[in-house]
Amino acid sequence: MKTKLQKDDDWDLIIQPKGAWFELGLKEVWQYRDLVQLFVRRDFIAYYKQTVLGPAWHLLQPLLMTVVFTLVFGKIAKIPTDGVPPFIFYLAGTVIWTYFASVLSETSTTFLSNIQLFSKVYFPRLVAPISVALSKLIAFAIQLLFLVCFVVYYSMSSEAIQPNWLILATPALLLLLAIFALSVGMLITALTTRYRDLAILVGFGVQLWMYASPVVYPLSSVPTDWQFWVSLNPVAPIIETFRYAFLGVGLVDVKMLLTSTIVILILFVISLVNFNRVSRHFADTV
């Protein structure tokens, strides 16, 4: 018969260090799904808590970027937009790119921005980056609805806009983009525990990446000799397919999409293994 003290010492959760390299801990993240929901709510509320316009920024940001792109790349540089009005062309690219860039940027500072929390409370460290990807979905949903309104308007006034059944593939495209953003972000945040300079370079790098992706130009406008190199960017076929789904213009290459998917999944496993390895002792180096 157990004594009262022995009963109090019986635990239903045992925290042990992860020994195996490929012990990814995804099952443990699912067990902490309530914490993920709390983090998503915290991130969304805290980000706009002291702003005047609040969630309205979700609409103003893509709108202002689209207006600038229309003036600079459409009116001045006169970059072709596959026959569709420049405004809706740039808006479609901006909406999908903004989600990717925001997830990558915030995930890349996971360890630095949560050091106080990580050093005091135990929970799966993957909860933090995953909650970022989910909280940014709220902003994306608002911006996507904004895009759909313009698509409906332009499709009624222009035969060049032809939405199609590939719209149903939007969740899959978004999932691939989220996994890729998380993968790159987790690799960067693991490196920033030792090299703080990388945190400074992320913003600049994301801007350069945008110009290397078909956000402000169609893939069809890229010279044939360069299309292969652009296709090596896993974001490129995702953006092109997304734009084709809503506007009916763009290059949809199944082979490029499959290649992009394979690269993203491999990178995700590598970044996950590295993230878990660094999370064991990052508090000693940050």
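Below are the figures for this structure:
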quantity: Residues located in segment 167-201, provided they are under 13 Å from Ile96 (Cβ atoms) and either more than 19 Å from the chain's Cα centre (by Cα) or touching a residue at least 40 places away in the same chain (Cβ under 8 Å) (or both); calculated: Ile167, Ala169, Thr170, Leu173, Leu174, Leu176, Leu177, Ala178, Phe180, Ala181
quantity: Residues satisfying the stated conditions in segment 202-231, i.e. assigned to a helix (DSSP H, G or I), of a type in the set (Gly, Ala, Ser), more than 18 Å from Val249 (Cα to Cα) and without any contact (Cβ under 8 Å) to a residue 60 or more places away in the chain; calculated: Gly205
quantity: In segment 143-161, residue farthest from Gln61 (Cα to Cα) [restricted to those that are surrounded by 16 or more Cβ atoms within 10 Å (Cβ to Cβ) and at pLDDT below 90]; calculated: Ala160
quantity: Which listed residue, of Ser108, Ser135, Ser102, is free of Cβ contacts under 8 Å to residues at least 40 places away in the same chain and under 20 Å from Gly203 (Cα atoms); calculated: Ser102
quantity: Selection count where residues are buried (at least 20 other Cβ atoms within 10 Å of the Cβ) and in contact with a Leu (Cβ under 8 Å, 6 or more places away or on another chain), scope segment 105-126; calculated: 3
quantity: Segment 79-127, subset aliphatic (A, V, I, L, M) and outside any helix (DSSP H, G or I), residue nearest to the chain's Cα centre (by Cα); calculated: Leu126
quantity: Some residue of segment 163-181 being among the small types (Gly, Ala, Ser) and more than 30 Å from Leu35 (Cβ to Cβ); calculated: yes
quantity: Any hit, segment 148-169, residues being of a type in the set (Asp, Glu) and either in a helix (DSSP H, G or I) or closer than 29 Å to Thr259 by Cα (or both); calculated: no
quantity: Filter result for the condition that a residue is surrounded by fewer than 17 Cβ atoms within 10 Å (Cβ to Cβ) and either touching a helix residue (DSSP H, G or I) at 6+ places or on another chain (Cβ under 7 Å) or not aromatic (Phe, Trp, Tyr) (or both), over Pro223, Pro234, Pro214; calculated: Pro223
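The values are calculated or read from the model by the stated rules, or taken from the named source; none is laboratory data. Note that the structure is predicted; figures quoted are calculated from it, not measured. Cβ sites come from the backbone with ideal geometry, for glycine too, and all protein chains shown count toward neighbours.
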